[in-house]
Amino acid sequence: MAHDYAKAFYTSDRWIKCRTGYMKSKHYICERCGDVASICHHKTYITPENIHDPNVTLNWDNLESLCQTCHTQEHRSHGIVAEGLAFDANGNLIQKK
């Protein structure tokens, strides 16, 4: 689930067009493991300070095509995902069952 400050960005036409174009350019293949990618990940994480900076949010150099497993590993390695939480196939933060 996107943070409140990022919800408008992640539903914007600009992001959807950028994300779709990038994922198509990578043929929906995970750039880390070669599996099927379902998430367009920002290498520099989106924050309230940079959410309006297109050099961070819409720059293909800051994007990475990831599968669910690699995306989860990325966030776990940085302590982003709290115990009992995970990312679903759409990149939304959900409670583990």
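Any read-out appearing in this document is the output of simple, stated calculations on the displayed coordinates, not a laboratory observation. Because the structure is predicted, anything quoted here is derived from the model rather than measured. Neighbour counts run over all protein chains shown; Cβ positions are idealised from the backbone, glycine included.
Assorted remarks:
- Label-point separation in nm, H52 to D35, each point 7 Å along Cα→Cβ: 3.8 nm
- Taking other C-beta atoms within 10 angstrom as a stand-in for reagent exposure, V36, V56 fall in the order V36, V56, fewest first.
- The label-point distance for A8 and K24, in a model that sets each label 7 Å from Cα toward Cβ, rounds to 2.8 nm.
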